[in-house]
Amino acid sequence: MNGDPPVALVEDDADLRTATAQLLALAGFAVHPFADGATAAAAIDAGFAGPVVSDVRMPGVSGIELFRLLRARDAELPVILVTGHGDVAMAVDALKAGAWDFLSKPFDGEALVAAVRRAATARALALENRRLRAVAGQEATWVGESAEIARLRAMIPLLADAALDLVIEGETGTGKELFARLVHRAGARGRHRFQPIDCAALPAELAGPALVGRHGPIARAHRGTLFLDHLDRAPAELQHRLALFAERRVVAPDEREPDAVDVRIVAAIGEGGRERILPELYHRLAGVPLRVPPLSERRGDIPLLFAGFVEAAAQRHRRAVPALAEAAHRAARGDWPGNVRELELAAERLVLGLEPAAAGTPGETLPQRVEAFERAAIREAIAAAGGEVARAVALLGIPRETFYYRVKRLGIDLKAERRNAAG
């Protein structure tokens, strides 16, 4: 019976209480019987997981008084009132005040079971919404109950001030950069710069000697964290230059008096990306190799993640939070190849009331449908990002240069889209 939904039954007539309890138990409920309103009021708190069924006419604390007490304690707790013939008007007033339902004696057993079942479902959703909102203040990407995410969360304070470089492996959109930022902020280096470098899209003028110059991006990370994103997609020449820096930790290395740089290096690589990194570079950086699991390996975390993203998006756009439980569990049934980034974009669309992109118009060719999907996805990302290109790029999970290329190819008026999103 431990897995059965609970229901509190308050009835002063012992025979009727026993019969009704048996009826509800046979219907699959875990019944908590009470002989009077005062005892029930003392036992039922705001965390009670099921509905309450109460007779109206009882000595001492009546069913109406019990309803008012419980409503003051938790307005979302469903209370079903059972009334005699002369109490219908009173019950109707209670309905207007927020009671869930009422049944007149003698009531039909199936009607009671149906009412309790509907109320139990509503109660479960209300408590789930409450639980989901309780986690929304955390760093949304790292919300979760899976063992691997719990282990990574626990490692953040341990790694914060450790004198070790890190290599974080994972699929696109799993939150590798966010994990690096959390480690950075948790330690003494958090008072200094977190310097990201996209190794797959580094401009040619910065990929050469300027990278390790006295005024280059590496020098700016002094006493902070140097984050090397997409390290496995860096050209061999860039990897060799980074390997030399990782070994010597100096900038302006070709000058007579190079400057020492105190920096932690955190590298992010794609799934299986280790094979595409020079061994001398990988082994210098992998003081602690880590792997962030994709959503396909932590599906149980999706409702919590989605709820966190929805709460954050609603706050950012100053909009009401939609009902979380149903949407979050619907998200759990979906496939998310873009991982948490794709999930975050879906949450933004939900908050903004945007409809999903259409599958295409009959008669369109496949390339036309793909272009229509890409155009809609880019516009949705710009709208969700409030017109901020950097955030739109992050939501889409594509390199910045790819974003601009597709905007131009698809004929999107970027200035107009940003203006509309910002307005």
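Throughout, read-outs are computed from the coordinates displayed, never taken from laboratory work. On a predicted model such as this, the values are computed, not experimentally measured, just so you know. Neighbour counts run over all protein chains shown; Cβ positions are idealised from the backbone, glycine included.
Could you work out the local net charge near Pro258, counting Lys and Arg as +1, Asp and Glu as -1, over the other residues with Cβ closer than 13 Å to its Cβ? Before the final figure, lay out the partial values.
On the way: positive: Arg214, Arg248, Arg249, Arg256; negative: Glu247, Asp254, Glu255, Glu257, Asp259.
For residues surrounding Pro258, the net value is -1.
Dipole size in debye (nearest 20) for the stretch 6-135 around its Cα centre, Lys and Arg Cβ +1, Asp and Glu Cβ -1?
Numbers: 13 positive and 16 negative charges, 118 e Å.
It comes to approximately 560 debye.
Given just the C-alpha atoms of the stretch 140-293, how large is their convex hull per residue in cubic angstrom?
Residue-normalised Cα hull volume stands at 103 Å³.
Under 8 Å for C-alpha pairs, at least 6 residues apart: give me the relative contact order for the chain, rounded to a whole percent.
Working: 683 pairs, mean separation 52.4, N = 423.
12 percent.
With 10 angstrom as the radius, rank Asp165, Asp4 by how many other C-beta atoms surround their C-beta, starting from the fewest.
On the way: Asp165 19, Asp4 15.
Fewest-to-most Cβ neighbours within 10 Å comes out as Asp4, Asp165.
Search the structure for amide H atoms under 5 Å from the amide H of Ala267, placed 1.01 Å from N in the peptide plane, and list their residues when 5 or more places away or on another chain.
Distant-sequence amide H within range of Ala267: Leu166, Val167, Ile168, Leu228.
Can you tell me the length gained on complete extension of the stretch Leu244 to Asp4, counting 0.36 nm per residue apart and subtracting the Cα distance? Don't jump to the answer; show the numbers that get you there.
Values: separation 240, 0.36 × 240 = 86.40 nm, distance 6.29 nm.
Stretched fully, the Leu244-Asp4 segment lengthens by 80.1 nm.
Once fully extended, how much extra length lies between Glu237 and Lys408, figured as 0.36 nm per residue of separation less the alpha-carbon to alpha-carbon distance?
Working: separation 171, 0.36 × 171 = 61.56 nm, distance 3.06 nm.
The Glu237-Lys408 span can extend by a further 58.5 nm.
About its Cα centre, how strong a charge dipole does the chain have in debye, to the nearest 20, once Lys and Arg get +1 and Asp and Glu get -1 at the Cβ?
Working: 54 positive and 56 negative charges, 303 e Å.
It works out to roughly 1460 debye.
Report, for the chain, the % of DSSP beta bridges that are antiparallel, rounded to 5.
Details: 2 of 35 bridges.
Percent antiparallel among DSSP bridges in the chain is about 5.
Taking the Cα centre as origin and putting +1 on Lys and Arg beta-carbons and -1 on Asp and Glu beta-carbons, what dipole magnitude results for the stretch 140-293, to the nearest 20 debye?
Working: 21 positive and 21 negative charges, 108 e Å.
Rounded to the nearest 20 debye, it is 520 debye.
Could you work out the longest stretch of the chain that avoids the GluC sites (Glu not before Pro) located in DSSP loops with at most 16 other Cβ atoms within 10 Å? Could you put the intermediate results ahead of the total?
Working: sites that count: Glu76, Glu139, Glu145, Glu255, Glu271, Glu364, Glu388.
Longest stretch, sites excluded: 146-254.
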